[in-house]
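One structure below.
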Amino acid sequence: MRAEDTARLDKPHQIPIMLGCAFAVRKDFFENIGQYDEGLLIWNGEQIELSFKLHLCGGNLVEVPCSRMNHMFRSHHRNHQLDGVDVAARNFKRVAEVWLDDFKEVMYQTDPKRRAIDAGDLTKARSIKERLNCKPFRYFLEEIAPEMYVRYFYQLDYPGKMKLSHLHKF
């Protein structure tokens, strides 16, 4: 979290990634940004996908500490699963391919087997990103979660690596 947000955790504050099961959003806004990626299976990855979409496409993600939430797991059926497919790995690859730009190479460097995973058709998800004129993932790392860049990306080599000396404060 950014220093200015950490200093006021008792008040509503911006967060980089949300908990996938608990959020409130205006229905028309949620529909306009394409809701959840329809290609994500069962669960895992939707909270990251929606968080990136919010931050990069004109929204905001705020945690409200005094909120009360209830969580009910949605049921899933056999027809929502793919035999022999690691659903979480597939979902995370979809998120990486659509939202991480060149930074997806970090995922492939740390786990080369993910290159072979079929993420499904990404046409609709990519067209939503284009229609919304979303910012690049670099913006997320520079403005929303700079500590994430230093912790996960700075030590690795990949195409388009950022040279951001101001991020070394973390």
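The label-point distance for Asn32 and Asp121, in a model that sets each label 7 Å from Cα toward Cβ, rounds to 2.7 nm. A 1.4 Å probe over all protein chains sorts Ser127, Ser51 by accessible area into Ser127, Ser51, starting with the largest. Would you mind checking the pairs Lys113/Lys135; Lys53/Lys135; Lys27/Lys104; Lys93/Lys124; Lys27/Lys93 and listing those with alpha carbons more than 21 angstrom apart? Those over the limit are Lys113/Lys135; Lys27/Lys104; Lys27/Lys93. Within straight-line reach of Lys129, meaning a Cα separation under 12 Å, sit the following aspartates and glutamates at least 8 residues removed in sequence or on another chain: Asp37, Glu49, Glu97, Asp101.
The values are calculated or read from the model by the stated rules, or taken from the named source; none is laboratory data. These numbers were taken from a predicted model, which means no experiment stands behind them. Methodologically, a virtual Cβ is constructed for each residue, glycine included, from the backbone with ideal geometry; neighbour enumeration extends over all protein chains shown. For the accessible areas, the whole protein counts, side chains as well, though only heavy atoms, and no ligand, DNA or RNA atoms are used. Shrake-Rupley method; radii C 1.70, N 1.55, O 1.52, S 1.80 Å.
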